[in-house]
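S.K.: This is the structure, below, for whatever I ask next.
The values are calculated or read from the model by the stated rules, or taken from the named source; none is laboratory data. All figures in this text were calculated on a predicted structure; none of them were measured in a lab. Cβ coordinates were reconstructed from backbone atoms using ideal geometry, including for glycine residues, and neighbour counts include every protein chain displayed.
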Amino acid sequence: MDRLYGINLIAVLIDAYENQEFSGRLIHPWSAEAIPFASCMELMTKMEALYDAWDYPEAAQGMRVFIRHRSDAAPRAFVSEKRLTELSKEQTPRDIWGERGRLASIFVRTEMRQHASWQGVAAWIEGDRSFAFSSTLELFRAIDQSVSAQ
C-alpha cells in the first residue's frame, strides 16, 4: 500500500468499538494534541470543524445566514492564501504515520468538499489497502467495515 501525503492528512485512530459505534482519537501533522471523539457523528463534526478552521479543502457550499449583525455588515476581505497554507509556511508538519489506534488506523486525505459531502482517498493500515471515497457516507461505511472486521 502506498503512503498517503497531503497538507490536510488526518489520522483516524479507532480505540474502541461497542454497539456499532466507534471511538478514538483524531490527529493531524499540525498539532501534537490528539482530538478525542466518542462517536461517528462526533468524529465527522470534528473533521468538518478542522477543514473549516483550515479553510482547506475549501467548502463548495456555506451556511446560509438571513440576519446580518453589524460586525458582519462589511463583506469579508479577499483572502489570497488559505489558513492551512499559511500554517504550513510557519511550521514543519510532524510525521503521523507511526501513530496507531488499538483497533484500526485510517489515514484520510480529503481532496474536495462538494455537494455537501467529502471526496478523497483513505488508507486502512491494518487491512493494507487504500480506497477512494466519493461521499462522507462512503468513507464512514468503510471505516465501520474496517473496525468491525477486527
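S.K.: Going through the stretch 16-39 one residue at a time, which ones are farther than 17 Å from Q91 by Cα and surrounded by fewer than 16 Cβ atoms within 10 Å (Cβ to Cβ)?
M.R.: Within the stretch 16-39, A16, E18, N19, Q20, E21, A34, P36, A38, S39 meet the criteria.
S.K.: Find all pairs meeting these conditions: Cβ atoms under 8 angstrom apart; at least six residues apart or on different chains; first residue within the stretch 17-39 and closer than 14 Å to L50 by Cα; second residue hydrophobic (A, V, I, L, M, F, W, C) and assigned to a loop (DSSP other than H, G, I, E, B).
M.R.: Listed by first residue and then by second, the contacts come to R25/A34; L26/A34; I27/A34; I27/I96; H28/L9; H28/I96; P29/L9; P29/I96.
S.K.: A follow-up question, please. Which condition from (1) at pLDDT 95 or above; (2) out of contact with any Pro (no Cβ under 8 Å at 6 or more places or on another chain); (3) of a type outside the set (A, V, I, L, M) is the one that G98 breaks?
M.R.: (1)
S.K.: Go through the stretch 28-85 and report how many residues are more than 14 Å from the chain's Cα centre (by Cα) and either at pLDDT 85 or above or part of a loop (DSSP other than H, G, I, E, B) (or both).
M.R.: Going through the stretch 28-85 one residue at a time, the tally reaches 24.
S.K.: Further, regarding this structure: If a residue has to be buried (at least 17 other Cβ atoms within 10 Å of the Cβ) and out of contact with any Asp or Glu (no Cβ under 6 Å at 6 or more places or on another chain) to count, how many in the stretch 120-133 make the cut?
M.R.: Within the stretch 120-133, residues that are buried (at least 17 other Cβ atoms within 10 Å of the Cβ) and out of contact with any Asp or Glu (no Cβ under 6 Å at 6 or more places or on another chain) number 7.
S.K.: Taking Q119 as the residue in question, decide whether it is among the polar types (S, T, N, Q) and modelled with pLDDT of 80 or more.
M.R.: Values: among the polar types (S, T, N, Q): yes; modelled with pLDDT of 80 or more: yes.
Taking the combined requirement at face value, the residue satisfies it.
S.K.: Report whether or not S134 is farther than 18 Å from I27 by Cα, modelled with pLDDT under 95 and among the hydroxyl-bearing types (S, T, Y). First the steps, then the outcome.
M.R.: Details: farther than 18 Å from I27 by Cα: yes; modelled with pLDDT under 95: no; among the hydroxyl-bearing types (S, T, Y): yes.
When the stated conditions are applied, S134 does not pass them.
S.K.: Out of all the residues in the stretch 101-133, which are outside any strand (DSSP E or B) and under 18 Å from C40 (Cα atoms)?
M.R.: Within the stretch 101-133, G101, R102, L103, A116 meet the criteria.
S.K.: If I ask for residues that are assigned to a loop (DSSP other than H, G, I, E, B) and buried (at least 20 other Cβ atoms within 10 Å of the Cβ), which ones from the stretch 134-150 would you list?
M.R.: Across the stretch 134-150, there are no qualifying residues.
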